[in-house]
Structures are given as structure tokens and as C-alpha cells.
1. Of the candidates PHE270, PHE242, PHE193, which one comes out as most mobile in a Gaussian network treatment of the chain with C-alpha springs shorter than 10 Å?
2. Step by step: find N for the range 89-206, compute 2.2 N^0.38 Å, then divide the Cα radius of gyration by it. What's the final number?
3. Among GLY180, GLY236, GLY140, which one shows the highest mean-square fluctuation when the chain is modelled as a Gaussian network with alpha-carbon springs under 10 Å?
4. In nm, to one decimal, how far is the modelled label at ARG172 from the one at GLU192, with both set 7 Å along Cα→Cβ?
5. Give me the one-decimal nm value for the distance between modelled label points at GLU161 and ARG35, 7 Å along each residue's Cα-to-Cβ direction.
6. Would you mind computing, in nm to one decimal, how far apart the modelled labels at SER138 and LYS94 are, each placed 7 Å from Cα along Cα→Cβ?
7. Which log10 I(q)/I(0) values does the range 132-284 give at q = 0.19 Å⁻¹ under the Debye formula, counting every alpha carbon as one identical point scatterer?
8. Full-extension gain between HIS114 and LYS268, please, as 0.36 nm times their residue separation minus the C-alpha to C-alpha distance.
Amino acid sequence: MSVDKVIATDLDGTLFYPKKRFSMIPKMSRRFLERFTDDGGKLVIVSGRGRYFGEKVANNLERKVDVIGCNGAFVMVNGEMVKETFFPTESLKKMISEVRREFKMMFISLFCKHRNFVIDIGTMKMMPRFAYRLYEISQGTYHEQVTKSEKIFYEELEKGEVYKVLLFVGPRKKSIKRSGEITELLSIRYPEFEFAWSNQAIEVTPKGCTKSSGIAFYLDYNHISNDNVLVVGDSGNDISMFESYRDNSFCMAHADQSVKEHAKHTIKHFSDLEKFVYPSVEND
């Protein structure tokens, strides 16, 4: 059976749900994606993460995977970079300085062209550093390729090749609400950037870089109709693609209600997409 579809999926809380710290992708989701891609369907990762994780997922699945990374700041097709957008350096430096001064972030990090994930360790006190190390260990296969250095953080900032900034508010559950409130405030204060909240963190990208804009570029680049894409996610940074591709939008059931209300469908597991892709075939 030939499938002329694109699945554009978020990672954390979506394809990586429930978490499998050794195998990465749950067995049912893996089986469905193998079937889908072998039938000619395209899998596109649409994530706040950098290019490192796109390659990691492709290797894990042993299938071709395209990547829309850092919430649309870059697009990779067939392993080649076809679109990149960087922050204006001086404006970004000003914003980071003001955020550091006014808000108590657990840490601030950059996703860059040549370094996957750089944390300004100067913003972290000793206990948060220890807590973050424990967090890293607990992530297993989901662990990012991280550089923790105040010096390198500022060197990368000066280079002007930054795709995304991550403002981590804190590890506690109440930080989710606070990150949403700060996101609204920063969106008004800095209209030259895009802000999206993702649980306890705030993601900042250059103006015009959202998951929705990344998908639009990808579809146009590959001459694919909007009707042929299914989008699936679970957090605030997925809302833009839910709204743009409403008829084929799927939100995870564990997502916050404020996110779910933007999607047309709700699914419990990523593998539940199988009955939408193969409606005439009885699933196992």
C-alpha cells in the first residue's frame, strides 16, 4: 500500500512518549513508523532540539528522516541544510542581558550552528549544577550533546550563528505556569523575536521562525500539498502548527488543556496515528 503522506512530529512528550531511556522510541511507534516509511511516507522531525537529535533518531530508526529544528530556525532535507535563520547578534545580546538581570532563570543556553547546545554555566549556582548533572544522567538516550562553559557561551554569541535560545525557568511543576507568564511578557517586550513556552522552559527563535513556518517551507521546498501533512505534538511550541494544519492536527492526551484546545484530534500514543494513516486496515 502506497502512502503519500508526511508526518511532522515533535519529539519530547510525543514521539518520545512514554520515555524509553534505552530504546528511545516505544515499540508500537517504531513498528508503525517502519511501516509508514517503507510504504513511501515521509517522517519529518519538527522539534525545539538541534540537528544532533535528528541524526540520532534517523540512526535509531534506520530510516531516512528530515529535520525542522530549533522550532523552524533551520530545515534539513536528505541530510543537507536548505534553510537557516540566525538572530541579529546585538539584539540577542541585549535581550539575554535584560532577561538575566530581571528574571531568575536556572540557566540560559544556546543552540548554534557548530555547537549543539551551549549552557552559560555562569548563570548556575552550585546546587543547580549538581541537580542538572543528575538530570543528565537520568535522561539516558535522550541526553543532549552539551557544552557547559560561560566562555564558549559568549564566544558563540559573538559569532552570530545562533538558532535558538532556551531560558530554563526551573525544575518544579510551578515553573510551568511561571514560564507561560514570562513568555507572554517577553513576547510583548521583544516583538523582534518569537517566544514559545515548553513546560518549564521558554524557547526564543528569530522572528518568523516557528514550527508552522518551518513546515510551510518544507512542504513548499518538496512540492507537497498542505493536505498531505499530519502534525503531532504536545506543548506550547506546537500550537502554531496545530493552528496552521488544523484538519490534520493531533495533540497528545497528556498535554495541557490550553494546548489541546488548538488541535482537532487527541491521541494517547504516537502509534495511534496508524488508524488515521491506514483507515481501511484493521490495526493489530
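Only the coordinates and a few stated rules stand behind these numbers; no lab work does. None of these values were measured; they are calculated from a predicted model. Cβ: placed from backbone, ideal geometry, glycine included. Neighbour counts: every protein chain shown.
1. Highest fluctuation of the listed residues: PHE193.
2. Values: Rg = 13.6 Å, N = 118, 2.2 N^0.38 = 13.5 Å.
That ratio works out to 1.01.
3. The residue with the greatest mean-square fluctuation here is GLY140.
4. Between ARG172 and GLU192, the simple spin-label model gives 3.5 nm.
5. 4.2 nm
6. So the two model labels end up 3.9 nm from each other.
7. -1.35
8. Working: separation 154, 0.36 × 154 = 55.44 nm, distance 3.62 nm.
Contour length minus the Cα-Cα distance gives 51.8 nm.
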